[in-house]
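Reading through the structure tokens given below for one structure.
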Amino acid sequence: MAKRVIAIQTPQQDGYMTKELLGNLIRARRTQEGLKMHDVAMLCGISIATLTNIEKAAANVRIDSILTVAQMLGIKLTFEGWDKSVVQ
């Protein structure tokens, strides 16, 4: 019998986006959709190791891989403008 995917809750964003938060958001969305890592990796054209690295916020993951996975899962990454320069 195939292993069942257990959905996890969507994490809350209380500040700036971090690689850990983005990885958790991707994992939450994948599990809420009932998708196995193998299926997402295959649909995105990446390895399971790359998807694991994205979800665990490992270093050296290509941004295009992250964006591909986010888009495939329907995660919309948006940009919020800023009020003033952070560089003084």
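The values are calculated or read from the model by the stated rules, or taken from the named source; none is laboratory data. It should be emphasised that the depicted structure is a prediction, and the values quoted were computed from it without experimental measurement. As a convention, Cβ positions derive from the backbone with ideal geometry for all residues, glycine included, and neighbour counts pool all protein chains shown.
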For this session: Report yes if some residue within region 14-31 is charged (D, E, K, R) and touching a helix residue (DSSP H, G or I) at 6+ places or on another chain (Cβ under 6 Å); otherwise report no.
Result: yes
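Of all residues in region 9-35 being farther than 15 Å from ILE54 by Cβ and surrounded by 10 or more Cβ atoms within 10 Å (Cβ to Cβ), which is modelled with the lowest pLDDT?
Taking region 9-35 as the starting set, the residues that turn out to be farther than 15 Å from ILE54 by Cβ are 9-10, 12-16, 32-34.
Restricting the remaining residues to those that are surrounded by 10 or more Cβ atoms within 10 Å (Cβ to Cβ) gives 10, 13, 32-34.
Values: THR10: 96, GLN13: 89, GLN32: 98, GLU33: 97, GLY34: 97.
In this case the residue turns out to be GLN13.
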Exercise. Say we look at region 63-76 and pick out the residues that are surrounded by 10 or more Cβ atoms within 10 Å (Cβ to Cβ) and without any contact (Cβ under 8 Å) to a residue 12 or more places away in the chain; which of these is nearest to MET17 (Cα to Cα)?
Worked result: LEU67
Exercise. Given the structure, is ILE6 on the phi < 0 side of the Ramachandran plot and either part of a loop (DSSP other than H, G, I, E, B) or exposed (fewer than 11 other Cβ atoms within 10 Å of the Cβ) (or both)?
Worked result: yes
Problem set entry | Any chance SER47 is among the hydroxyl-bearing types (Ser, Thr, Tyr) and surrounded by fewer than 16 Cβ atoms within 10 Å (Cβ to Cβ) | yes
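Table: residues versus (1) closer than 14 Å to ALA70 by Cα; (2) polar (S, T, N, Q).
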{"residue": "ASP14", "(1), (2)": "no, no"}
{"residue": "GLY23", "(1), (2)": "yes, no"}
{"residue": "ILE26", "(1), (2)": "yes, no"}
{"residue": "THR31", "(1), (2)": "yes, yes"}
{"residue": "GLY34", "(1), (2)": "no, no"}
{"residue": "THR50", "(1), (2)": "yes, yes"}
